[in-house]
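Q: The structure under discussion is supplied below as structure tokens; questions concerning it will follow.
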């Protein structure tokens, strides 16, 4: 049972990831894009008795109407669907202190401050400020070091691998909850085989003694995801794979039902696809029956 750090009907990541680290499994982070997305993920994770992290990018937050809308939506779903598993509402890749502040003020229980594009000293200073702010809300904080490449909300960037010594300094000076070291994963689809640095991942995991986060889970082979967990990864992010599965089913539905215009039926035709991906990933990460 999860005993600590429950904020209203939501949780932060602290105890969730500590349990994952001790139990040698990882908690799935699924990005949400609308009400249906959140509903399907919550229902499937409830059925699997798996804790879950609902991630929201700044672009998705803008699309859905803002942080307050999302907080109200997720809490409403938890109550009305009788969701009893631990759920974290997490800002994914917050680009500024102000973005993290807005999410926290709206009721998010976890934030990621991504200041990885700045020099290490600036990254640390920004992260420290967010950690201090998050403490007042009982929220957890994830930070990134190095730079995870690929495409996120339309922004394309190259990867920059994290250095172990800089990760140690970041953790010691900021007291973050979790660290996302860039070690070869990318957002979006991979071009060829992902080249993850497991040696450095293990070293960072041991020397920081902190739960690690792997971004860009879509397209990474299952054996490599499991190897990452062995190296100290306790949270793995998925987004693109759900989007692709949803689109495939919706395309097929529209093709077979060209005269259908009810948005509930069109959007809902992707439900099974999303839930199938959620079930596969949760089972793979061995976080089922961990709630």
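Q: Out of (1) surrounded by 21 or more Cβ atoms within 10 Å (Cβ to Cβ); (2) out of contact with any helix residue (DSSP H, G or I) (no Cβ under 7 Å at 6 or more places or on another chain); (3) modelled with pLDDT under 95, the odd one out for residue 155 is which?
A: (1)
Let's see how each residue does on (1) under 21 Å from residue 38 (Cα atoms); (2) assigned to a strand (DSSP E or B):
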{"site": "216", "(1), (2)": "yes, no"}
{"site": "236", "(1), (2)": "yes, yes"}
{"site": "251", "(1), (2)": "yes, no"}
{"site": "261", "(1), (2)": "no, no"}
{"site": "273", "(1), (2)": "yes, no"}
{"site": "279", "(1), (2)": "yes, no"}
{"site": "282", "(1), (2)": "yes, no"}
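Q: Only one of these is in contact with a strand residue (DSSP E or B) (Cβ under 8 Å, 6 or more places away or on another chain), under 28 Å from residue 221 (Cα atoms), surrounded by 16 or more Cβ atoms within 10 Å (Cβ to Cβ) and without any contact (Cβ under 8 Å) to a residue 40 or more places away in the chain: 282, 277. Name it.
A: It is 277.
Q: Please go through region 6-23 and pick out each residue that is touching a strand residue (DSSP E or B) at 6+ places or on another chain (Cβ under 9 Å) and part of a loop (DSSP other than H, G, I, E, B).
A: Matches in region 6-23: 9, 12, 13.
Q: Exactly one condition in (1) on the phi > 0 side of the Ramachandran plot; (2) buried (at least 20 other Cβ atoms within 10 Å of the Cβ); (3) modelled with pLDDT of 95 or more is not met by residue 143; state its number.
A: Checking residue 143 against (1) on the phi > 0 side of the Ramachandran plot; (2) buried (at least 20 other Cβ atoms within 10 Å of the Cβ); (3) modelled with pLDDT of 95 or more, the one that fails is (1).
Q: Has region 169-179 got at least one residue that is more than 21 Å from residue 235 (Cα to Cα) and either buried (at least 18 other Cβ atoms within 10 Å of the Cβ) or modelled with pLDDT under 95 (or both)?
A: no
Q: Further, regarding this structure: Condition check: modelled with pLDDT of 95 or more and surrounded by fewer than 24 Cβ atoms within 10 Å (Cβ to Cβ). Does residue 11 satisfy that?
A: no
Q: May I pose another question? If a residue has to be under 20 Å from the mean Cα position of the chain (by Cα) and over 20 Å from residue 18 (Cα atoms) to count, how many in region 161-177 make the cut?
A: Counting residues in region 161-177 that are under 20 Å from the mean Cα position of the chain (by Cα) and over 20 Å from residue 18 (Cα atoms) gives 2.
Q: Exactly one condition in (1) under 18 Å from the mean Cα position of the chain (by Cα); (2) modelled with pLDDT under 90; (3) surrounded by 15 or more Cβ atoms within 10 Å (Cβ to Cβ) is false for residue 237; which is it?
A: Of (1) under 18 Å from the mean Cα position of the chain (by Cα); (2) modelled with pLDDT under 90; (3) surrounded by 15 or more Cβ atoms within 10 Å (Cβ to Cβ), only one is false for residue 237: (2).
Q: More than 17 Å from the chain's Cα centre (by Cα) and over 27 Å from residue 223 (Cα atoms): which single residue out of 89, 77 fits that description?
A: Among 89, 77, only 77 is more than 17 Å from the chain's Cα centre (by Cα) and over 27 Å from residue 223 (Cα atoms).
Q: Moving to a separate point now. Under the condition of being surrounded by fewer than 21 Cβ atoms within 10 Å (Cβ to Cβ) and in a loop (DSSP other than H, G, I, E, B), which residue from region 197-214 is modelled with the lowest pLDDT?
A: Looking at residues that are surrounded by fewer than 21 Cβ atoms within 10 Å (Cβ to Cβ) and in a loop (DSSP other than H, G, I, E, B), I get 197.
Q: Which of the residues spanning region 215-234 are within 30 Å of residue 266 (Cα to Cα) and buried (at least 21 other Cβ atoms within 10 Å of the Cβ)?
A: Scanning region 215-234 gives 215, 216, 217, 218, 220.
The values are calculated or read from the model by the stated rules, or taken from the named source; none is laboratory data. Being a predicted model, the structure only gives us computed values, none of them experimental. Note: ideal-geometry Cβ built from the backbone for every residue, glycine included; neighbour counts use all protein chains shown.
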